[in-house]
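Peer 1: First the structure, which I've put down as structure tokens, then a few questions once you've had a look.
The values are calculated or read from the model by the stated rules, or taken from the named source; none is laboratory data. Everything numeric here is computed off the predicted structure, so don't read it as measured data. Every residue, glycine as well, gets a Cβ built from its backbone with ideal geometry; the counts of neighbours run over all protein chains shown.
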């Protein structure tokens, strides 16, 4: 009886070799092939019955132990009957997003959560969802665009340049940024050949995961690019009042500033896809409403790999923004007098009070801004509405988090069906905004009112400064969104 025949009887793969040895020994002791086949079939059906069998007893005991272990593992995958406590900020939130949050709070590894006022539906955890887990990471609770983030640079150029030198500023954006799904530096675009950007992150160890190792060359070419979807690079005014300016090292007034929003590009998406697939397969017994919430224990090999790859993607995304801001500033001969940045698609190991006990948990912020006490963060609006520099208040109930923007109030498809470019251009003209490129699905009307979102989270953050967009560059219309 060969291995394939033994496996066809239902013996698990991890026990097939041992079963083959026992079959050989039993045959030499006089047990017929038919009897061996009958006993193995019986062991598969009820291993306890054959525990005393002189030839196959150890196999029966091993199968019984394996099934007990699998049963215990399945019990750890079973959703909670009731969700762990969580809190919602804001009222104008899609019920489907609330349902997603409720489902996430029923994960057996979930210990706390919060939903931000810009929330809308996402894969697994909603955008704007904050999920704390016990020693486990949920790839889809970090997001597809790992380490999507914001960066603000206040420049030492006069804000009047937005009127008097607008073409020069636009030329800097056109020359020093790349948008689109396959956007790269270092390839011939038919007109000019650019050089790849350089940053020390490319010299780090990219062998922490087979995915990052395989994508290193692509990451090199995509360094300093912005992708598509809601990603942008824009110039505008940054205003700060006297009572806030000192804390930023600025004088009160209005400045010219550069603001960017993007993440870890194709490599980050590949990391998410690879480890989400592993997590979903591991947790395949979760109900359909939770199937995108598969998790990886941090002490497992794939969990350690994902965490290392996610951390690398965080540094790579930061490098993308650093390259964009450095090259744009150098193009203009400008200096940077204030620099602020933050992730909003990431997971951190942090200490929080859970059930009255301070402990280390994994906090996933999927489209949520870190808002610990005194921590600076950037919350943008839309292409036609202001964004805000904020300081966190350290609200325990929100797990030190706030919104990551205004948040969509309708899908991309609905936005394209609902609006026309003439409506968008009129709104932009009214706000003094010049649009270099963007998709119609990014129309400002597709987003919630940023003032209402900020009002809903006044207990989470304190506004320190205001950014008003004036020159906006996004991926051209028709690009597949990557956000």
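Peer 1: Tell me yes or no: at least one residue of the range 317-336 is closer than 27 Å to residue 377 by Cβ, modelled with pLDDT under 95, in the same structural domain as residue 201 (by TED's automatic domain parsing) and in a helix (DSSP H, G or I).
Peer 2: Within the range 317-336, none of the residues are closer than 27 Å to residue 377 by Cβ, modelled with pLDDT under 95, in the same structural domain as residue 201 (by TED's automatic domain parsing) and in a helix (DSSP H, G or I).
Peer 1: To continue, here is another question. I need the full set of residues from the range 1-42 which are under 17 Å from residue 64 (Cβ atoms), in contact (Cβ under 8 Å) with a residue 24 or more places away in the chain and surrounded by 12 or more Cβ atoms within 10 Å (Cβ to Cβ), in order please.
Peer 2: Those that are under 17 Å from residue 64 (Cβ atoms), in contact (Cβ under 8 Å) with a residue 24 or more places away in the chain and surrounded by 12 or more Cβ atoms within 10 Å (Cβ to Cβ): 9, 10, 11, 12, 15, 18, 19, 22, 40, 41.
Peer 1: Only one of 228, 276 is closer than 30 Å to residue 157 by Cα and in contact (Cβ under 8 Å) with a residue 40 or more places away in the chain; which? Working first, answer last.
Peer 2: Values: 276 fails: closer than 30 Å to residue 157 by Cα.
Every option except 228 fails the conditions.
Every residue, every condition in (1) under 29 Å from residue 415 (Cα atoms); (2) surrounded by fewer than 23 Cβ atoms within 10 Å (Cβ to Cβ); (3) within 22 Å of the chain's Cα centre (by Cα); (4) at pLDDT 95 or above, yes or no:
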residue: 191; (1), (2), (3), (4): no, yes, no, no
residue: 239; (1), (2), (3), (4): no, yes, no, yes
residue: 248; (1), (2), (3), (4): no, yes, no, yes
residue: 271; (1), (2), (3), (4): no, no, yes, yes
residue: 281; (1), (2), (3), (4): no, yes, yes, no
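Peer 1: If you take the residues of the range 104-124 that are within 15 Å of residue 448 (Cα to Cα) and touching a helix residue (DSSP H, G or I) at 6+ places or on another chain (Cβ under 6 Å), which of them is surrounded by the fewest Cβ atoms within 10 Å (Cβ to Cβ)? I'd like the intermediate steps shown before the answer.
Peer 2: Residues of the range 104-124 within 15 Å of residue 448 (Cα to Cα): 116-121.
From the residues that got through so far, the ones that are touching a helix residue (DSSP H, G or I) at 6+ places or on another chain (Cβ under 6 Å) too are 117-121.
Numbers: 117: 23, 118: 31, 119: 33, 120: 21, 121: 17.
It comes out as 121.
Peer 1: Quick one: how many residues across the range 221-253 are farther than 25 Å from residue 437 by Cβ and in contact with a helix residue (DSSP H, G or I) (Cβ under 7 Å, 6 or more places away or on another chain)? Reasoning before the result, please.
Peer 2: We begin by selecting, within the range 221-253, every residue farther than 25 Å from residue 437 by Cβ; these are 239-253.
From what is left, the residues that are in contact with a helix residue (DSSP H, G or I) (Cβ under 7 Å, 6 or more places away or on another chain) are 240, 251-252.
Residues meeting the conditions: 3.
Peer 1: Hey, another quick one. If the requirement is being farther than 30 Å from residue 395 by Cβ, at pLDDT 95 or above, touching a strand residue (DSSP E or B) at 6+ places or on another chain (Cβ under 9 Å) and part of a loop (DSSP other than H, G, I, E, B), which of these qualifies: 157, 173? Break it down stepwise before answering.
Peer 2: Working: 173 fails: part of a loop (DSSP other than H, G, I, E, B).
Result of the check over 157, 173: 157.
Peer 1: Here's a check for you: in the range 287-301, which residue that is more than 13 Å from residue 136 (Cβ to Cβ) and modelled with pLDDT of 90 or more is farthest from the chain's Cα centre (by Cα)?
Peer 2: Within the range 287-301, the subset more than 13 Å from residue 136 (Cβ to Cβ) is 287-292, 301.
If we keep only those that are modelled with pLDDT of 90 or more too, we end up with 290, 292, 301.
Details: 290: 17, 292: 13, 301: 20 Å.
Per the stated criteria, the residue is 301.
Peer 1: Out of (1) buried (at least 21 other Cβ atoms within 10 Å of the Cβ); (2) under 30 Å from residue 315 (Cα atoms); (3) without any contact (Cβ under 8 Å) to a residue 60 or more places away in the chain, what's the single condition that is false for residue 127?
Peer 2: Of everything listed in (1) buried (at least 21 other Cβ atoms within 10 Å of the Cβ); (2) under 30 Å from residue 315 (Cα atoms); (3) without any contact (Cβ under 8 Å) to a residue 60 or more places away in the chain, residue 127 misses just condition (3).
Peer 1: Could you look through the range 439-480, keep only residues that are touching a strand residue (DSSP E or B) at 6+ places or on another chain (Cβ under 9 Å) and surrounded by fewer than 19 Cβ atoms within 10 Å (Cβ to Cβ), and pick out the one that is nearest to residue 250 (Cα to Cα)? Walk me through it before giving the result.
Peer 2: So the first thing to find is which residues in the range 439-480 are touching a strand residue (DSSP E or B) at 6+ places or on another chain (Cβ under 9 Å), and the list is 439, 442, 446-448, 450, 452-457, 460-477, 479.
When the remaining residues are screened for being surrounded by fewer than 19 Cβ atoms within 10 Å (Cβ to Cβ), the result is 452, 455, 462-463, 466, 476-477.
Details: 452: 28, 455: 26, 462: 18, 463: 15, 466: 14, 476: 35, 477: 38 Å.
Checked the range 439-480; the qualifying residue nearest to residue 250 (Cα to Cα) is 466.
Peer 1: Okay, next question. Select from the range 373-397 the residues that are under 30 Å from residue 296 (Cβ atoms), in contact with a strand residue (DSSP E or B) (Cβ under 7 Å, 6 or more places away or on another chain) and surrounded by fewer than 24 Cβ atoms within 10 Å (Cβ to Cβ) and list them in ascending order.
Peer 2: 375, 392, 396, 397
Peer 1: Let me ask another. One residue is enough: does the range 362-372 have a residue meeting the conditions modelled with pLDDT of 95 or more, surrounded by 22 or more Cβ atoms within 10 Å (Cβ to Cβ), touching a strand residue (DSSP E or B) at 6+ places or on another chain (Cβ under 6 Å) and in a helix (DSSP H, G or I)?
Peer 2: Within the range 362-372, not a single residue is modelled with pLDDT of 95 or more, surrounded by 22 or more Cβ atoms within 10 Å (Cβ to Cβ), touching a strand residue (DSSP E or B) at 6+ places or on another chain (Cβ under 6 Å) and in a helix (DSSP H, G or I).
Peer 1: Continuing with the same structure: Where in the range 51-145 are the helices (runs of 4 or more DSSP H), entirely inside, with at least 3 residues that are farther than 21 Å from residue 272 by Cα and not assigned by TED's automatic domain parsing to the domain that holds residue 281? Can you show your working first?
Peer 2: Working: elements: 57-77, 95-104, 139-142.
Helices (runs of 4 or more DSSP H) meeting the threshold: 57-77, 95-104.
Peer 1: Okay, moving on. Residue by residue through the range 285-310, note down the ones that are over 16 Å from residue 123 (Cβ atoms) and without any contact (Cβ under 8 Å) to a residue 12 or more places away in the chain.
Peer 2: Answer for the range 285-310, where residues must be over 16 Å from residue 123 (Cβ atoms) and without any contact (Cβ under 8 Å) to a residue 12 or more places away in the chain: 300, 301, 304.
Peer 1: OK, next. Can you confirm whether residue 357 is assigned by TED's automatic domain parsing to the domain that holds residue 148 and more than 25 Å from residue 464 (Cα to Cα)?
Peer 2: Values: assigned by TED's automatic domain parsing to the domain that holds residue 148: yes; more than 25 Å from residue 464 (Cα to Cα): yes.
Yes, satisfied.
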